[in-house]
Amino acid sequence: MDLGLKGRKAIVSAASRGLGLAAARSLAREGVALTMNARSAEALEKAAADIRSEFGVEVTAVAADFNTPEGRTAILEAAGEVDILVNNPGVRQVPTPYAKITGDDWRYWMETHFMSSLEMITAVAPGMQARKFGRIVNMSVSFIKFPQVGFAHSHAARLALSGAVAAMSRELMPDNVTINTVCPGLFDTDALHTNLHGHAKRGNTTYEAIVENRLSTCPAGRFADPSECGDLIAFLCSAQSGFMSGQNIVNDGGVYQGLF
């Protein structure tokens, strides 16, 4: 299927590895010019060079912290007018008992997983409306559908963003601008394996035991390849997806058992 994206321009943050890189690759395959962002200049430049070589698209690499005003300004200035925005804050969450979550912790997560993405949206959406095309995808986690103990601070920020964009989406849709949220589960990334090692250490067990436990609760019986998330994001950015907006799309191998 031709997704109708050739010649479009996109911003993808946390794009040097993992699901951000997968999104960048899937968009590049469709002929999208990219502004890729990550904190590590070396890893980012390598990822950008690989995409240029493989797909022949224009790639601008911006090494900056997406979660700071200065970083977001640098990304936006480098990108110029864009048709696609993939917000991926790229901050790893660590479980914390609710009684130990401080006021600074709550504010930190609201800044990194709410305000950072919201400010990017409000920066690019008016131009998208004027041009009558825009696709915005926010990266979240499947657990916002069934919040987990120890993650109250991060879930609160992610849910706040989903609530805000659900309301905003109705104002943007008349101009062919959509906002959706992808909620991935167990994807075979460095971040997943780092988290699993952390769970093993906290639980005084082995990494192998944690992996076995996670796979036993996943009906698909495997960790997903990052491209399976990247391709979903590319479809949500397609010309064909203009009738769907304000949705939280779980992509977790069947772990979540709810209907809605």
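Laboratory data are not the source of any read-out in this text; all were calculated from the coordinates shown. Keep in mind it's a predicted model, so treat the numbers as computed, not measured. We place every Cβ from the backbone using ideal geometry, glycine too, and count neighbours over all the protein chains shown.
Taking amide H as placed 1.01 Å from N in the peptide plane, Thr68 has no amide H partner under 5 Å among residues 5 or more places away or on another chain. Each residue of segment 67-74 was assigned a 3J(HN,Hα) from its phi angle through the Karplus curve 6.51 cos²θ - 1.76 cosθ + 1.60 (θ = phi - 60°); the sequence is 8, 10, x, 5, x, 5, 4, 4 Hz, with glycine and proline shown as x. Amide H to amide H distances under 5 Å link Thr35 with Ala10, Ile11, Val12, Thr60, where only residues 5 or more positions off or on other chains count and H is placed in the peptide plane. Of the GluC sites (Glu not before Pro) found in segment 47-128, the ones in coil according to DSSP and having at most 15 other Cβ atoms within 10 Å of their Cβ are Glu58, Glu81.
In this structure, the amide hydrogen of Phe187, modeled 1.01 Å from its nitrogen in the peptide plane, lies closer than 5 angstrom to those of Ala224, counting only residues at least 5 positions away or on a different chain. Of the candidates Ala64, Ala14, Ala220, which one comes out as most mobile in a Gaussian network treatment of the chain with C-alpha springs shorter than 10 Å? Comparing Ala64, Ala14, Ala220 in a Gaussian network model of the chain, the most mobile one is Ala220. Mind running the shape call on segment 114-260? Use the C-alpha gyration tensor, a ≥ b ≥ c as the square roots of the eigenvalues: rounded below 1.5 for a/c, prolate if a/b tops b/c, oblate otherwise. Verdict is prolate for segment 114-260. Were the residues from Glu54 through Gln257 laid out at 0.36 nm apart, the gain over their Cα-Cα distance would be 69.2 nm. Exceeding 27 Å between C-alpha atoms, which entries from my cross-link table qualify? They are Lys6/Lys145; Lys100/Lys145; Lys46/Lys145; Lys46/Lys132; Lys46/Lys201. Where the Cα-Cα span goes over 27 Å, the pairs concerned are Lys6/Lys145; Lys46/Lys145; Lys46/Lys132; Lys46/Lys201. Sites listed here are trypsin sites (Lys or Arg not before Pro) in segment 176-244 whose DSSP assignment is loop and whose Cβ has at most 12 other Cβ atoms within 10 Å: Arg222.
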